[in-house]
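Bear in mind these aren't lab numbers, they're just calculated from the coordinates by the rules spelled out. In this text the structure is predicted, and so the values were computed from the model without any measurement. FYI the Cβ positions are ideal-geometry reconstructions off the backbone, even for glycines, and counts take in every protein chain you see.
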Amino acid sequence: MRILSVDLGDARTGLAVCDAGERLASPVGTLFQRDREKLLSQVAEAVREQRAELVVVGHPRNMDGTRGESARKAEAFAERLRQETGLTVELWDERLTTASAIGFLNRTDTRGQKRKNVVDTVSAVIILEDYLSHRRRQKEQTR
């Protein structure tokens, strides 16, 4: 199943997609959009272009597990995307994803504007990889 992941941000939103075999998460890119309605349309278009069958939206919960403003924004966006695409849209805990992405970019010596432009896409890849690992564990447990 092709799955698209979304790392929702206020100014930049990263996207990633996996292959039909759910083995490899690949970056799609970063959308630079502050207007939520325009962003919704752009993400819905990416869903169609990537032939996604399911969407995973990063759910930025607080470290103690509570929901803050960013989590509520992600929940509202996920619901609107579900309505727009007719697909299942799941929220996925993204705590520490940005820190992991920054660590990766540090290791690859990605700096400055380039780093700022790709950190959200790298985060979307990490969210999707984590989600795919979860799906594989679930399949193994049901065997």
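A few notes on this one:
- Sum of side-chain charges, GLU90 neighbourhood, beta-carbon under 13 Å (Lys, Arg +1; Asp, Glu -1): -4
- Cα-based shape type of segment 13-68, given that a ≥ b ≥ c are square roots of the gyration tensor eigenvalues and the cut on a/c is 1.5: oblate
- Loop-located trypsin sites (Lys or Arg not before Pro) in segment 1-59, at most 14 other Cβ atoms within 10 Å (DSSP): ARG23, ARG34, ARG51
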